[in-house]
Every structure is written in structure tokens, then in C-alpha cells.
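The values are calculated or read from the model by the stated rules, or taken from the named source; none is laboratory data. Keep in mind that this is a model prediction, so the values were computed, not measured. Backbone-built Cβ (ideal geometry, glycine too); neighbour counts: all protein chains shown. Calculation scope for accessible area: heavy atoms of the full protein, side chains included, ligands and nucleic acids excluded. Shrake-Rupley method; radii C 1.70, N 1.55, O 1.52, S 1.80 Å.
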Amino acid sequence: ETGVTQTPRHLVMGMTNKKSLKCEQHLGHNAMYWYKQSAKKPLELMFVYSLEERVENNSVPSRFSPECPNSSHLFLHLHTLQPEDSALYLCASSQDPKGNYGYTFGSGTRLTVV
Amino acid sequence: SQQGEEDPQALSIQEGENATMNCSYKTSINNLQWYRQNSGRGLVHLILIRSNEREKHSGRLRVTLDTSKKSSSLLITASRAADTASYFCATDAWGNNRLAFGKGNQVVVIP
């Protein structure tokens, strides 16, 4: 375990479903991130939270909605997704928002939209 | 946008051989980092090299950074089957609060 825990590990959902991905870290880190990893594409940054405040949203469709209730927890709420949203969703945290000490990643949630 | 590009994309070597991967980037950086990802898992941070450093070692890993050429290399010496993974470089551009990752290098070490 890396110290960043993501649940569930696998998720299959229909296009009309609503589901949430959860990320939890108890490393005392101040920044948390959501990345999307699709086959043969670079990791795509989706959201950045620093001290529980969203500081960046990389033009992600509104069907993805993040929530950061405290510095240890990060959620990604999903609704009316498309098949092309199927991917590995990775959560990461870092000691400082600028990543000067590297990121710690969770194991990811493998999402399949049917 | 700031992004690392690894070269070569896929590498297959025999156990015990050395593996070298390269990464290039486009703009000024604060630091450059290398990560490893085993199949279907999260990324694991391997090593970070700052823009004022030229070389760094960690166990069997050696990273170089050439800011004049905007490139970095990762060398894995005496490779093992357990080194089979994808390797990513990531750059932290000055003024940004996020890392941009390359597409990754798949390395297969044959026992």
C-alpha cells in the first residue's frame, strides 16, 4: 500500500447510472489530484485540490464532479457517462501543491462504462 | 503544454542487461521525475531530479538531466524480471502546481 487508497478497484456502470469514486490519504499531504489514464494516451490531469480548494479544472466535462470535503478525502462523482470515459482513474497526493517532493498515487479505479 | 515524451516507446531486454530510456520536454522546468507503473496499478515515484542537478542515483537507477537539451535519461542497471513495467517521466514547469506526464516506456525484462 502506498498510503493513498482508492475504492472501488473496479467499477462497471451504465450510461444512466450515478456512481462515486473515493480516494483517501493519511500522509498529511496538502494537495490531491485526479488523473485519467486511457490506453496509449498520456495521463490526463482532471482536477487539482490544494488545501481543500480546487485550484485547477482542466476543462473536464460536467458529468465528472469532484468533491474534497477535507484534506484527507477526495471524491469523483460520475453521472451520465459515455463509453469513451472508460479508463483507469488515478488519485494522487503530494506534500506541497507544486509537487516538489513527488506524487503518491493510489492503485486506481478501473472504470468501464457500458 | 508541458509534457514529457519518452523514447523508445517499448524495450525488451534480457535479465542482467541495462535498460536506458530518454525523455524530452519543451519548456523550463523546476524538476523532472520518473515513475514506474506495473500493469493496471498506480504509479510509483522512483526519483526526482531538480533543474540545477545533472545526475542522480538511487540503487540501480541513474538519472541524468540536460536542461540545455531539455532531456533526461533513466538507466536501470542489472535489470531483473521484476523491473518489467511502464516507466513515465513527468515535468513540473515553473509556476505550475501540477505534473505533466509523458506516454510512458514499456520495458519487458526476459528472465
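Assign unit charges at the C-beta atoms only (+1 for Lys and Arg, -1 for Asp and Glu), then state the dipole size of chain A relative to its Cα centre in Debye, rounded to the nearest 20. All intermediate terms of the calculation are to be shown ahead of the outcome.
Details: 11 positive and 10 negative charges, 82 e Å.
Computed charge dipole of chain A: roughly 400 debye.
Stick to Cα atoms and the Kirkwood definition of Rh, then tell me Rg/Rh for the protein assembly as shown.
Details: Rg = 17.4 Å, Rh = 17.9 Å.
Taking Rh as the inverse mean 1/r over Cα pairs, Rg/Rh reads 0.97.
Might you report the magnitude of the Cβ-based charge dipole of chain B about its Cα centre, with Lys and Arg at +1 and Asp and Glu at -1, to the nearest 20 debye?
Numbers: 13 positive and 10 negative charges, 53 e Å.
Approximately 260 debye in magnitude.
Ratio to report: Rg/Rh of the stretch B:39-111, with Cα atoms as the point set and Rh obtained by the Kirkwood method; give two decimals.
Working: Rg = 13.3 Å, Rh = 13.7 Å.
Radius of gyration over Kirkwood radius for the stretch B:39-111 works out to 0.97.
Measure up A:98/B:69; A:40/B:103; A:41/B:69 against 18 Å on the Cα-Cα distance and list the ones that go over. Before the final figure, lay out the partial values.
Working: A:98/B:69 23 Å; A:40/B:103 7 Å; A:41/B:69 24 Å.
Cα-Cα > 18 Å for A:98/B:69; A:41/B:69; rest within.
Given the whole protein assembly as supplied and a 1.4 Å probe, what does the accessible area of residue B:26 come to in Å², nearest 10?
130 Å²
Read phi for every residue in the stretch B:44-55 and hand back ³J(HN,Hα) as whole Hz from Karplus 6.51 cos²θ - 1.76 cosθ + 1.60, θ = phi - 60°, with x for Gly and Pro.
Coupling constants for the stretch B:44-55: 10, 5, 9, 6, 10, 10, 8, 5, 9, 9, 10, 8 Hz.
Considering the alpha-carbon set of chain A alone, what are its Rg and its Dmax in angstrom?
Calculated on Cα positions, Rg and Dmax stand at 13.2, 40 Å.
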